Amino acid sequence: MDQQITRDLVSFIKKSPSVFHAVAQIEAQLLADGFTQLQEGQGWTIAPGGKYYVKRNGSSIIAWKVGSDLSDYNFQVTASHCDSPTFKVKENAELQVAGKYTQLNTEGYGGMLCAPWLDRPLSVAGRAIVKTEQGYETRLVNVDRDLVLIPNVAIHMNRGVNDGLKYNNQIDMIPLFSAGGEQKQGAFKALIAGELGVDVEDILGLDLYLYNRMAPAIWGAENELVSCPQLDDLQCAYTSLQGFLRGSNAKSVNVYACFDNEEVGSRTKQGAASTFLYDVLKRVNTALGKDEEGYFRALTSSFLLSCDNAHAVHPNHPEKTDKVNCVYMNEGIVIKSNAAQSYTSDAVGVAIFKAICQKAGVPVQFFANRSDERGGGTLGNIAMMQVSMNSVDIGLPQLAMHSPYETAGVKDSAYMVRAVETFYNCHLSTTGDGNFRLED
């Protein structure tokens, strides 16, 4: 089972070279499972027992299953993100070098490890806005071949490179698109037009990003490790989706959310800081015939699993993590805590998730940053600024976070699917502030 879930995960990631493709893959699985798409700009009709989803910007998606007995209902939510650090192609995309080379003019998206992007095959993917006879429509773009590469400077020309190098995104990280040949100005957009089967002048807008073309690998002494692009956070996005599709309970509205723009702070119309989650939950409550009082009561027993990967102990640098609040690949789901509230976890959230994992027979681990290091944050607390409910930050342990080729454990993906399925199979109810019950 572990290997199969990982193979399915790898297949999902290979088909998701951009956030738009990732959301399209999630949508395809929802439709195959019988979900109905709703539009934000139209009225919603929602029935007990129904399954629905809505997208925003083509890069964020929220889906939900409505229980059949909603007399004392709540929302049980998982949230993950589908974006990863990369490089965005600028509008005026081509840079000429001495009339001999053509480069793609890019800018950094998110906090990436720069060095691993060099000297490996890359391509571009994203979306285009295209003029048609019916109006303007969005189309996905993926140039599915090795297209560009960011070349290193030879050590002969930079003798001190192994002593440390500060990368400049406008100088060191610009990909090479063409060398020689008959390439003319405008060749890049012409290539994109050819991929879309349209004229260049019919392309009105582009959101294109670089992605790593290296094939994923399952490896290790017992094939216990997986390496591929975008494990942060498509590993959580995919595994929480599988748990969501498998789980159900009659007394809850089970919700799956996957947001864009976590890597740049979530402060966009489709990010976790937006009103997207609030808007969906409020409209679901209204469409089910519940009043505002019922909505606020439902939130008191609602719960969010904020799912984003965590740092495993590095074999070469174990000193980078706390000595005892540290985690290892293939040893279970990570609960993340931080005194400065970069993570949502508190005693209540931790206790609820530990109880869920005990029911699921899934091991858990605990992560906290070294006390003298500033760690990263994630989308849980950001989302809770709009919709307040109990929550916990969890993830799967990995190495080389924010590299274009990351590594994680094969067993942990299966652990996450089981835990999330169990979460959605249970109904969480409160018996007072900090007190709760988990009902099968």
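For this structure, a couple of remarks:
- Filtered residue count, segment 240-264, keeping only those that are over 24 Å from SER301 (Cβ atoms) and in contact with a Leu (Cβ under 7 Å, 6 or more places away or on another chain): 1
- If only residues of segment 268-287 that are open to solvent by less than 60 Å² (accessible area, probe 1.4 Å) and among the hydroxyl-bearing types (Ser, Thr, Tyr) are counted, the one that is modelled with the lowest pLDDT is THR268.
- Within segment 250-267, the set of residues being surrounded by fewer than 21 Cβ atoms within 10 Å (Cβ to Cβ) and either closer than 13 Å to LYS65 by Cβ or of a type in the set (Val, Ile, Thr) (or both) comprises ALA250, LYS251, VAL264.
- The criterion of at least 2 residues that are open to solvent by 70 Å² or more (accessible area, probe 1.4 Å), among the basic types (Lys, Arg) and over 23 Å from HIS21 (Cα atoms) is met by none of the strands (runs of 3 or more DSSP E) wholly inside segment 120-220.
- For segment 308-336, the set of residues classified as among the polar types (S, T, N, Q), open to solvent by less than 40 Å² (accessible area, probe 1.4 Å) and at negative phi consists of ASN309, THR321, listed by residue number.
- If the condition is being in contact (Cβ under 8 Å) with a residue 60 or more places away in the chain and in contact with a helix residue (DSSP H, G or I) (Cβ under 9 Å, 6 or more places away or on another chain), then segment 173-197 contributes MET173, PRO175, PHE177, SER178, GLY186, LYS189, ILE192, LEU196.
- Entry remark, segment 64-105: residues being under 20 Å from GLN170 (Cβ atoms) and assigned to a strand (DSSP E or B) number 17 in total.
- Number of residues in segment 384-415 that are in contact with a strand residue (DSSP E or B) (Cβ under 7 Å, 6 or more places away or on another chain) and outside any strand (DSSP E or B) equals 10.
- Hey, LYS290 within 20 Å of SER252 (Cβ to Cβ), open to solvent by 60 Å² or more (accessible area, probe 1.4 Å) and in contact with a strand residue (DSSP E or B) (Cβ under 7 Å, 6 or more places away or on another chain) or not: no
- When residues in segment 221-249 are screened for being open to solvent by 10 Å² or more (accessible area, probe 1.4 Å) and in a helix (DSSP H, G or I), 4 of them pass.
- Scanning segment 346-383 for residues that are open to solvent by 20 Å² or more (accessible area, probe 1.4 Å), under 20 Å from ASP260 (Cβ atoms) and in a helix (DSSP H, G or I) yields ASN381, ILE382.
- Boolean, ARG418 is open to solvent by 50 Å² or more (accessible area, probe 1.4 Å) and either assigned to a helix (DSSP H, G or I) or touching a helix residue (DSSP H, G or I) at 6+ places or on another chain (Cβ under 6 Å) (or both): yes
- Scanning segment 56-103 for residues that are touching a helix residue (DSSP H, G or I) at 6+ places or on another chain (Cβ under 8 Å) and acidic (Asp, Glu) yields ASP83, GLU94.
- Qualifying residues in segment 353-381 (those that are of a type in the set (Val, Ile, Thr) and modelled with pLDDT of 95 or more) - the one nearest to TYR415 (Cα to Cα): VAL362
The values are calculated or read from the model by the stated rules, or taken from the named source; none is laboratory data. What you see is a predicted model; the values in this text were computed from it and never measured. Quick reminder, even Gly has a Cβ in these numbers, built from the backbone with ideal geometry, and neighbours come from all protein chains shown. Side chains included, ligands, DNA and RNA excluded: accessible areas come from the protein's heavy atoms. Shrake-Rupley method; radii C 1.70, N 1.55, O 1.52, S 1.80 Å.
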